[in-house]
Amino acid sequence: MAKCKSGKCGCRARIVSNMVQSMQGDSGACCLDVCTNPVCGSPTMLSLMAPVIYDEIGINLCAGFPVGTDIATTYPTAVSATAKVVNIAYTSGGDGVVLEAIAGRPNCYVVTLANLTVTFAVNLYDENCRLVGTVYPTATYLPPEGEATYDEDTNPSSVELEIFAPYGVGYEIPAAAGTPRPVINYLGFGQDNNYVRQGLNLYGIAKALNLELDDNTITVGLTLVLQSLYFSGYRVENAGRINTPKGSLITPDNTNCMKFVAGDLLDLAIKPLELGPPKCEERYKESCETVYGCGIGAVDDTVVIPTPTTPPAVEGGGAGA
């Protein structure tokens, strides 16, 4: 069992965690510097920063609108359709989406949704369920009264949703000098909106209810979901790394490159530190002598340092990796 010299592991000017700080100056303590000898293997617990949903509420809307093409002429064999939401566009404030804190209830907000411009991908199929074409119509959900898609019961002019948002909402920061404005993030499948953000997120799911071939219209039901979401750190039990399926090339070639291509996928072997008890591996960030190899075991507050060996090869990769 190796002992760290008190001068080696003593006080330093850099900031360390309370756990490490409490160990400094303890001449009987061992330390392992993970900066020079990363801990290998799989941790029992993972420290994750996860997006957590604190509250959510959903509503259903329905509207009929033109497909945007003469189906009989362009897709004469089409008999049915499906619909998916491509994008939901809206303006903030005014007659659009309004977000307000509820007076006297600091953790809740009321969100008014109105004038949502929804773009769909409508797939058209023949009687044998073969895809014959895709069109991209746009319709207004929650439109002003008098518009074609307005219906008092199934597609009113606006809805008010109350949501619990204890850590507040997201803000748009003006490029020029200006006041930040609260916003709702749309979560979709586009390149610029396929990710969640802290605060309020809105997403939609569509279902084609009816396709009228005579007048080239489609009726689409739309589910809108509003949720409050925040990133938070959690400790999660580890069931092991994922095993990524690998496709292989079959060839009689036996070069080093082909051995690698036919071999296992490369993978990173250094594990994240288990920061909490009982392992408290954050204390391993100490200035110690460099050793090689894995299999470090901890007993109480001491760390067993294995006998230095030849540095291990990179795990993963086929022959010749």
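Remarks
- Distance from the range 216-247 to the range 168-193 (C-alpha centre basis), Å: 21
- Accessible area of the range 27-177 belonging to carbon and sulfur atoms, whole % at 1.4 Å probe: 52
- Mean Cβ neighbour count within 10 Å, used as a protection proxy, ranking 230-243, 106-119 highest first: 106-119, 230-243
- Environment charge of Cys108, counting only residues whose C-beta is closer than 13 Å and scoring Lys/Arg +1, Asp/Glu -1: -3
The values are calculated or read from the model by the stated rules, or taken from the named source; none is laboratory data. Here the structure is a predicted model, which means the values were calculated and not measured. With ideal geometry, Cβ positions are generated from the backbone for all residues, glycine too; neighbour counts draw on all protein chains shown. Calculation scope for accessible area: heavy atoms of the full protein, side chains included, ligands and nucleic acids excluded. Shrake-Rupley method; radii C 1.70, N 1.55, O 1.52, S 1.80 Å.
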